[in-house]
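Reading through the structure tokens given below for one structure.
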Amino acid sequence: MNFRSEFTPKPFSIKIKHTDKVLLVGSCFTEQIGKKLAAHKFDVQENPNGILFNPISIAKAINSYAKEKLYTEEELFYYNELWASRDHHTRFSDVDKPATLKKINDEGEVAIQFLKNAAWILITLGSAFVYEWKDLDAGEHYNNVAANCHKIPTDKFNRRLLEVNEIINQLQKMQLSVLSINPAAKFIYTISPVRHLREGFIENNRSKATLINAVHTLTNEYDTFYFPAYELVIDDLRDYRFFAEDLVHPNYFATNYVWEKFLLAVIDEQSQKLIKEINEINAAVSHKPFNGNSSAHQNFKAKYLEKVNRLNEKYRYLNFENELTNFTKKPLL
């Protein structure tokens, strides 16, 4: 008797390799996948503007890297004793105005260079609702859409649900902007399984449906793909035991389940084999010995140092500096 319907995503026709650069932009689910990729030695840059949820702010952020935009002090605003940007997450905010600007532009400059050589741009859309600043004119490029509300009272914003065509239009423009500087770039879209219940139960479903509709129109284009993270959590796992205590965010087990499906569908077979070896080394690095000075533990470290050296020699494009340091540290006396 089956109590759930397991869903296996269709493998991509082109897959991510360890030699590929991957830019990840979007919701907090983007960061979970980004950390998994980074832990397995993929060359990634993750959310250069911080966590973003709506497609307008995501498109605007990626456009800014393609157009090599750097921010000025005039584009910052002051609220609750902090300087902040309307286009960035609160992690960039600071009591010092130049410090805020430096954090924004330092990460932006890295993103500008990274995008030029990125093989993949992975975009996770979280919500089709936007919050528009009442004190700004809309303008052609949606400059009044808040990337983050910075805990400012809701009466300072107009909330609205984007139309499907609006989303398609802005994301298409963003893709063309990227392709103008990096014709080889490929795009992966996914919908975050995080439930935005603050918008309301019905509203959350309307929002996700709008995003799904828009993205599937885009994925009819060449070199644009869809990975069904949302469907894996909501329709395959389909149980509150796979959510965190807030009943909104997927938990450790759900994230790992999606990651395993992602590996099979999206990651190149040779890289999958390498990931297994890296997993073994990661586990060894995390190992906490009962006696770090024992001969058994020194033999353990020597064994894994040999493995790391072998991989380091074979895959010179991967960075094993931290692992080499870990396994060559002298025991405490």
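Read-outs throughout are calculated quantities, based only on the coordinates presented, and are distinct from any laboratory measurement. Keep in mind the model is a prediction, meaning the values are calculated, not measured. We place every Cβ from the backbone using ideal geometry, glycine too, and count neighbours over all the protein chains shown.
Things to note:
- 0 to 90° range, to nearest 10: angle between helix 97-117 axis and the chain longest Cα axis: 70
- In the elastic network of the chain, a GNM with C-alpha springs shorter than 10 Å, the most mobile of 204, 282, 49 is 282.
- Note that the range 57-63 has calculated 3J(HN,Hα) couplings of 5, 5, 4, 5, 4, 5, 4 Hz, one per residue in order, obtained from phi through the Karplus relation 6.51 cos²θ - 1.76 cosθ + 1.60 (θ = phi - 60°); glycine and proline are x.
- Acute angle (nearest 10 degrees) that the helix 252-266 long axis makes with the longest principal axis of the chain, alpha-carbon atoms: 90
- When the inverse distances between all different Cα atoms of the range 277-328 are averaged and flipped, the Kirkwood radius reads 11.3 angstrom.
- The mean sequence distance of close C-alpha pairs (under 8 Å, at least 6 residues apart), as a share of the length of the range 277-328, puts its relative contact order at 40 percent.
- Between the Cα long axis of helix 164-181 and the first principal axis of the chain there is an angle of about 60°, rounded to the nearest 10.
- Neighbour net charge for residue 127 - beta-carbon separation under 11 angstrom, K R +1, D E -1: +3
- In percent, rounded to a whole number, the relative contact order of the chain is 19, using alpha-carbon pairs under 8 Å and six or more apart.
- Theoretical ellipticity at 222 nm over the chain - DSSP helices of four or more residues, -39500 (n - 2.57) apiece, nearest 500: -14000 deg cm²/dmol
- Two-decimal Rg to Rh for the range 115-206 - Kirkwood Rh, Cα set: 1.01
- Built amide H within the under 5 Å cut-off of residue 94, gap 5+: 83
- Residues whose amide H falls under 5 Å from that of residue 21, counting only those 5 or more places apart or on a different chain, are 119, 120, with hydrogens built in the peptide plane.
- Amide hydrogen proximity for residue 225: with H placed 1.01 Å from N in the peptide plane, the residues at 5 or more positions away or on another chain lying under 5 Å are 187, 188, 189.
- Residues considered: 230, 71, 189. Largest GNM mean-square fluctuation over the chain, using C-alpha springs under 10 Å, is found at 71.
- Rounded to whole Hz, the Karplus (6.51, -1.76, 1.60) HN-Hα couplings of the range 70-85, x for glycine and proline: 10, 8, 10, 4, 5, 8, 8, 9, 10, 7, 6, 6, 9, 8, 8, 10
- Our coupling estimate for the range 22-35, obtained by passing each phi through the Karplus curve with A = 6.51, B = -1.76, C = 1.60 and θ = phi - 60°, is 10, 9, 10, 9, x, 6, 5, 5, 4, 5, 5, 5, x, 5 Hz, Gly and Pro reported as x.
- Restricting the GluC sites (Glu not before Pro) of the range 61-158 to loop positions (DSSP other than H, G, I, E, B) with no more than 15 neighbouring Cβ atoms within 10 Å leaves 68, 81, 140.
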